[in-house]
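The structure appears right after this line, and notes come after that.
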Amino acid sequence: MANVRFERVTKQYDNGFVAVKDLNLEICDREFLVLVGPSGCGKTTSLRMLAGLETISSGHLYINERRVNDLPPKDRDIAMVFQSYALYPHMSVFDNMAFSLELQGVPKADIRQRVQQAAQQLGIETLLERKPKQLSGGQRQRVAVGRAIVRNPSAFLMDEPLSNLDAKLRVQARAELNKLHKRLGTTFIYVTHDQVEAMTMGSRIAIMNQGILQQVDTPQTIYEQPNNIFVAGFLGSPSMNFLQAQVTGDNNQFWVKAANFSLPLSKNADSISQYIDQTVVLGIRPESIYHPHYLPPGIMPVDVQAEVSVVELMGHELIVYATLADGSEIVSRLDPRASLVPGETVTLQIDSKRIHLFDTETEQTI
Ligand SMILES: Nc1ncnc2c1ncn2[C@@H]1O[C@H](COP(=O)(O)OP(=O)(O)O)[C@@H](O)[C@H]1O
Ligand SMILES: [Mg+2]
């Protein structure tokens, strides 16, 4: 059981580079928190500070309300699964899993029992005598997780543990880690650059960019109410469309006008009124755009004409790239039955209730 708190934690490397800046983040006991962001944003650095493998330049780090800035890794009661797995090549699977327990002086019989049990949970009990090089990528990944499980730590830290697996195995391993988390009832802190992993695994997601935490919340809230343009664009595939737009209106009704269409705004007047006649960024997710023949009931759409440029049939959906009157590009996820061909003009229907507005300067959500 572990509760973790970063309080204004900053990491400046010896060369002066600030990799993590003023990180404030609380991770609750038994939570599955996913730390996500593009490569180089400071995820591994944050995790390594928590594991005790990297010094903290300033700020405070607490595990179970105990300040651990200067506590050595072995005393932190947490286990880390590395992206590279870091298995010892000359040792068998059993010995890899048993190694840390031997260092701790756990009795042999206990070690055997704990390794057997972890191996069973992970479905690798028949592989215990093999060496790492005799395993597939997926099996190695399980051994790396198994090595963490046997220690029975109060928190698991995982740094992109699935990134070396092929796409199909990754989907399977994702579900297995979710189940494992439920079974163990332990805090999981999971680092990934993959937004799909973040959305599907985390009970909460923390999104970082350039060393700065952008937003922490449940996947659904972050997806529906992103704080800023970065977060809005990071989650979702294809990404949210961002269009240059103007706010117009009077006291009764505000509109946002972009390219060749205007959308009514239902936002509260106070936040919008200061943007009248100013440029803003309009965000529209691809799935908030419909083909007229397949508009679900209950949506009051606004029509926009566009010229289809690229069509990708994905089976369950049709990804359509199209050009608006002002030359801007818009991508939509349409019903796969909509038959469109490049070059044709199509009427797209936008759900004006599900749009996002951002300040052009600050890039924050309005
Ligand atoms: N030992 C180091 N010295 C200097 N800069 C480093 C060091 N380790 C990492 N960095 C830099 O810090 C930034 C964050 O790195 P990292 O935490 O590994 O990012 P992520 O895991 O999100 O990809 C990167 O720009 C990286 O180049
Ligand atoms: Mg990393």
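Quick note: the coordinates plus some simple rules give every number you see, no bench work behind them. Worth saying up front: this structure is predicted, and the values here are computed from it rather than measured. All Cβ positions, glycine included, derive from the backbone under ideal geometry; neighbour counts span all protein chains shown.
Results, tabulated for the structure shown:
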| quantity | calculated |
| --- | --- |
| Square roots of 5 times each gyration tensor eigenvalue, C-alpha, the stretch 106-174, largest first, Å | 22, 15, 9 |
| For the stretch 82-114 and the stretch 292-366, distance of Cα centres in Å | 53 Å |
| For the stretch 99-205, size of Cβ-based charge dipole, Lys and Arg +1, Asp and Glu -1, in debye | 240 debye |
| Amide H contacts under 5 Å for N228, placed H, 5+ residues apart | T365 |
| Vicinal HN-Hα couplings computed from phi for the stretch 34-51 (Karplus, 6.51 cos²θ - 1.76 cosθ + 1.60; Hz; Gly/Pro x) | 9, 9, 10, x, x, 4, x, 7, x, 5, 4, 4, 4, 5, 5, 5, 5, 6 |
| Between the stretch 223-242 and the stretch 21-59, the alpha-carbon center distance in angstrom | 22 Å |
| Trypsin sites (Lys or Arg not before Pro) lying in DSSP loop within the stretch 313-366, provided at most 11 other Cβ fall within 10 Å | R337 |
| Angle in degrees between helix 93-103 and the longest Cα principal axis of the chain, rounded to the nearest 10 | 70 degrees |
| Under 5 Å, built H, 5+ apart or other chain: amide partners of M208 | V36, G37, Q214 |
| Where the Cα pairs of the stretch 48-124 fall when distances are cut into 5 Å bins, in % | 3, 13, 19, 19, 17, 14, 10, 4, 1 |
| Set K108/K168; K21/K182; K21/K168; K11/K179; K43/K257; K11/K74 screened for pairs whose C-alpha atoms are more than 29 Å apart | K108/K168; K21/K182; K21/K168; K11/K179; K43/K257 |
| Relative intensity, log₁₀ I(q)/I(0), of the stretch 220-366 from a Debye sum that treats every alpha carbon as a point, q = 0.09, 0.11 Å⁻¹ | -0.27, -0.40 |
| Using θ = phi - 60° and Karplus 6.51 cos²θ - 1.76 cosθ + 1.60, couplings along the stretch 273-279 (whole Hz; Gly, Pro as x) | 4, 6, 9, 4, 6, 10, 7 |
| Dipole moment magnitude, nearest 20 debye, the chain about Cα centre, only Lys, Arg, Asp, Glu C-beta charged | 1820 debye |
| Globularity ratio of the chain, using Cα Rg and 2.2 N^0.38 Å | 1.19 |
| Counting all C-alpha pairs of the stretch 286-366, share separated by more than 19 Å (%) | 39 percent |
| Residue-count net charge about V331 - beta-carbon cut-off 12 Å; Lys, Arg +1, Asp, Glu -1 | -2 |
| Cα centre as origin, Lys/Arg/Asp/Glu Cβ charges: the stretch 210-366 dipole, Debye | 260 debye |
| Segment T126-T360, extension gain: residue separation times 0.36 nm, minus the distance between their alpha carbons | 78.4 nm |
| Per-residue [θ]222 nm for the chain (sum of -39500 (n - 2.57) over DSSP H runs n ≥ 4, rounded to 500) | -7000 deg cm²/dmol |
| Estimated D of the stretch 137-262 in µm² per second, where Rh is the Kirkwood radius over Cα pairs and Stokes-Einstein applies at 4 °C, 1.567 mPa s | 75 µm²/s |
| Degrees separating the helix 137-149 axis from the principal Cα axis of the chain, which is the longest one | 60 degrees |
| The chain - share of DSSP beta bridges that are antiparallel (%, nearest 5) | 75 percent |
| Radius 14 Å from Cβ of E317, net charge of other residues (Lys, Arg +1; Asp, Glu -1) | 0 |
| From phi via Karplus (6.51, -1.76, 1.60), per-residue ³J(HN,Hα) for the stretch 122-136 in Hz, x at Gly/Pro | 9, x, 10, 5, 8, 9, 4, 8, 7, 8, x, 6, 8, 10, 6 |
| For R130, distant residues with modelled amide H under 5 Å away | V93, F94 |
| Hits among aspartates and glutamates - C-alpha to C-alpha of K131 under 16 Å, sequence gap 8 or more where chains match | D95 |
| Dipole of the chain, positive direction: furthest Cα of Q246, G327, T186, with charges on the beta-carbon | T186 |
